[in-house]
Amino acid sequence: MAADILWCKITQSGVLRFEGPDAQSFLQGQLTNNITAVDAAHSQYAGYCTPKGRLLAVMLLWLHDGACHMLLPRELCEPVRKRLSMYILRSKVKAIDVSSRFELFGLSGHGAAATVAHLAGTVPGADHDTVHGNGLSALKLPQERFLLVAAESASAMVQSTLAAAGTDGGDALWPALDIAAGIPTVYAATQEQFVPQAVNFDLIGALSFTKGCYPGQEIVARAHYLGRVKQRMIRARVEASEAPAPGDKLFSAPYGDQASGMIVSTLRASADNHEVLAVVQSSNLDKGGVHWRTADGPQLHRMPLPYPVE
């Protein structure tokens with residue numbers, strides 16, 4: 001079974017908890033997706049934007065014990081909690097960083113579902129289905145992978161079970177799975193750099209055009225209805241000894257010395273090869289000629305995503 005399962009402890013992400021009777025209605029007015037669709041059995045991707053429609057964070061949301069939980073990079077937990085708390089006002093909501101209460105595990109492979117069923121007592125069947133049991137929440141995510149959110153009381157049991165069932169893929173496994181699935185991450189270095197459609201929010205189910213108002217909603221909706229999505233996110237390979245980093249600029253011939261795109265997330269695949277998610281001009285999607293850092297720097301070689309990008 002070990003050959004069929006890869007797992008990892010996720011240390012680069014944290015968890016915010018929004019509790020209180022107004023928690024979901026408050027988040028409904030702040031985030032890009034229809035938060036009323038999140039319940040104990042269904043998770044969801046969403047984003048948090050500035051009034052100018054630029055992303056401050058990308059998050060995964062699920063409901064447990066009557067509270068909404070939010071997974072996002074640990075470095076953004078406090079800034080996002082603090083900013084959202086400014087707008088709570090009279091709403092009956094409390095935003096808490098509960099990262100220390102949980103251990104997070106990622107799991108993929110042919111034997112993953114059976115292992116999740118053993119740990120949680122049942123297994124979520126479809127993408128974004130969520131189950132809870134034995135001190136953990138198990139979320140099925142696109143591309144046949146699972147996120148396990150284990151309470152402190154269950155974390156040792158979860159880790160020992162995973163260690164016996166499969167191979168520890170290390171810290172790079174979860175970012176690699178996100179990149180392969182085409183799921184963007186916003187870091188401190190890339191806050192306010194992307195509109196939601198540029199990182200394919202409309203293609204991964206993280207954006208609702210019917211839910212009503214949220215910060216930046218008018219700008220995001222205008223780009224959609226007027227067909228003015230000028231940038232899209234691709235998956236690509238970069239051959240270089242030095243690693244690209246989120247926020248690094250990209251260049252292409254039609255734009256000369258003016259940057260035409262940006263690295264979203266990155267992973268070292270081997271000594272001289274890196275996989276990236278990168279935002280590029282829509283006009284360059286199939287033309288190639290996108291280069292990292294300078295106009296004659298290493299070229300991005302496009303790789304497939306599990307959804308079409310046009």
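The values are calculated or read from the model by the stated rules, or taken from the named source; none is laboratory data. Every value quoted in this text rests on a predicted model; they were computed, and no experiment measured them. Here Cβ is always computed from backbone atoms with ideal geometry, including for glycine, and neighbour counts include all displayed protein chains.
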Number of positions in segment 37-77 that are free of Cβ contacts under 8 Å to residues at least 60 places away in the same chain, surrounded by fewer than 17 Cβ atoms within 10 Å (Cβ to Cβ) and within 20 Å of Lys94 (Cα to Cα): 3
Per-region count, segment 180-200, residues in contact (Cβ under 8 Å) with a residue 60 or more places away in the chain, out of contact with any strand residue (DSSP E or B) (no Cβ under 6 Å at 6 or more places or on another chain) and closer than 15 Å to Gln217 by Cα: 2
Flag if Gln159 is modelled with pLDDT of 95 or more and either part of a helix (DSSP H, G or I) or out of contact with any Ser or Thr (no Cβ under 7 Å at 6 or more places or on another chain) (or both): yes
Restricting segment 143-156 to residues that are outside any helix (DSSP H, G or I) and hydrophobic (A, V, I, L, M, F, W, C), the residue that is surrounded by the most Cβ atoms within 10 Å (Cβ to Cβ): Leu148
Hey, Ala57 of a type in the set (A, V, I, L, M), farther than 22 Å from Ile204 by Cβ and modelled with pLDDT of 95 or more or not: no
Spans of strands (runs of 3 or more DSSP E) in segment 165-284 with at least 3 residues buried (at least 22 other Cβ atoms within 10 Å of the Cβ): 231-239, 261-270, 273-281
Whichever residue in segment 117-142 is polar (S, T, N, Q) and free of Cβ contacts under 8 Å to residues at least 24 places away in the same chain and, among such residues, is surrounded by the fewest Cβ atoms within 10 Å (Cβ to Cβ): Thr122
Hey, Asp97 surrounded by 15 or more Cβ atoms within 10 Å (Cβ to Cβ), of a type in the set (D, E, K, R) and in contact (Cβ under 8 Å) with a residue 40 or more places away in the chain or not: yes
Subset tally (residues that are in a loop (DSSP other than H, G, I, E, B) and either under 22 Å from the mean Cα position of the chain (by Cα) or loosely packed, with under 13 Cβ neighbours inside 10 Å (or both)) for segment 289-310: 9
Filter pass, Phe18 being buried (at least 21 other Cβ atoms within 10 Å of the Cβ), outside any loop (DSSP other than H, G, I, E, B) and more than 18 Å from the chain's Cα centre (by Cα): yes
Leu56 being assigned to a helix (DSSP H, G or I), closer than 24 Å to Val264 by Cβ and in the same structural domain as Pro124 (by TED's automatic domain parsing): no
